[in-house]
Amino acid sequence: MTHQIIMAGFGGQGVMSMGRILVEAGLKENKNVSWLPSYGPEMRGGTANCSVIVSDEPVGAPTVTEATAVIAMNKPSLIKFEKDVIPGGKLFINSSLIDIKATRDDIDVYYIPANDIADELGTTKIANMAMLGAYLKVTKAVKEDNVMEYIAEVFSGKKAELVPLNKEALKKGSEFIE
């Protein structure tokens, strides 16, 4: 199975780290992966995004033009990338910040209040983990345990106190789907 994901939001929402965590978890499962961040003018308040591929097959190119899923953390991202989801694909919308609905009826749409989930845990900085948890619950692209393991690796040393909070956000996002 090949998962081609576009993750998008504004700077500071953790879109790049969400993609990187997914790729690293895929590596732990011996999957073929690609992570292509988009830097540039988007960093000045527009839509920052990354393309992520997690596959059982070799990855030919790192760009995602036909996404099996789009994760939209803000309204400009939804407007820009909804069209890139393939028919039958999945669209994850951060309903905490996006006040419009998806326009398509040929895809599965999930409205996840990622910022609200993060706020309940004490900080909006972990909204990306809540969204990633929801994505993993629906797609099973990688095992949640491998994501949890990588989170512990990333937040080591002085940042070790952030591990439980990020893991809890991932779990709460997953539970929201149930």
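The values are calculated or read from the model by the stated rules, or taken from the named source; none is laboratory data. Quick caveat: nothing in here was measured; it's all calculated off a predicted structure. Positions of Cβ are backbone-derived with ideal geometry, glycine not excepted, and every protein chain shown enters the neighbour counts.
Remarks
- Only one of Ala61, Ala8, Ala72 that is among the aliphatic types (A, V, I, L, M), over 20 Å from Lys143 (Cα atoms) and modelled with pLDDT under 90: Ala61
- Number of residues in segment 21-38 that are out of contact with any strand residue (DSSP E or B) (no Cβ under 6 Å at 6 or more places or on another chain) and closer than 27 Å to Lys80 by Cβ equals 3.
- Residue match in segment 22-34 (condition: of a type in the set (S, T, N, Q), under 14 Å from Leu132 (Cα atoms) and surrounded by fewer than 24 Cβ atoms within 10 Å (Cβ to Cβ)): no
- Of the residues making up segment 117-144, just one is out of contact with any helix residue (DSSP H, G or I) (no Cβ under 9 Å at 6 or more places or on another chain) and without any contact (Cβ under 8 Å) to a residue 40 or more places away in the chain, namely Lys140.
- Hits in segment 108-131 - residues which are part of a loop (DSSP other than H, G, I, E, B) and buried (at least 20 other Cβ atoms within 10 Å of the Cβ): Pro113
- Put simply, of Ile86, Ile53 the only residue that is in a strand (DSSP E or B) and touching a residue at least 24 places away in the same chain (Cβ under 8 Å) is Ile53.
- Looking only at residues in segment 142-178 that are outside any helix (DSSP H, G or I) and among the hydrophobic types (A, V, I, L, M, F, W, C), the one that is surrounded by the fewest Cβ atoms within 10 Å (Cβ to Cβ) is Phe155.
- Looking only at segment 11-54, and only at residues there that are polar (S, T, N, Q) and within 16 Å of the chain's Cα centre (by Cα), the one that is modelled with the lowest pLDDT: Thr47
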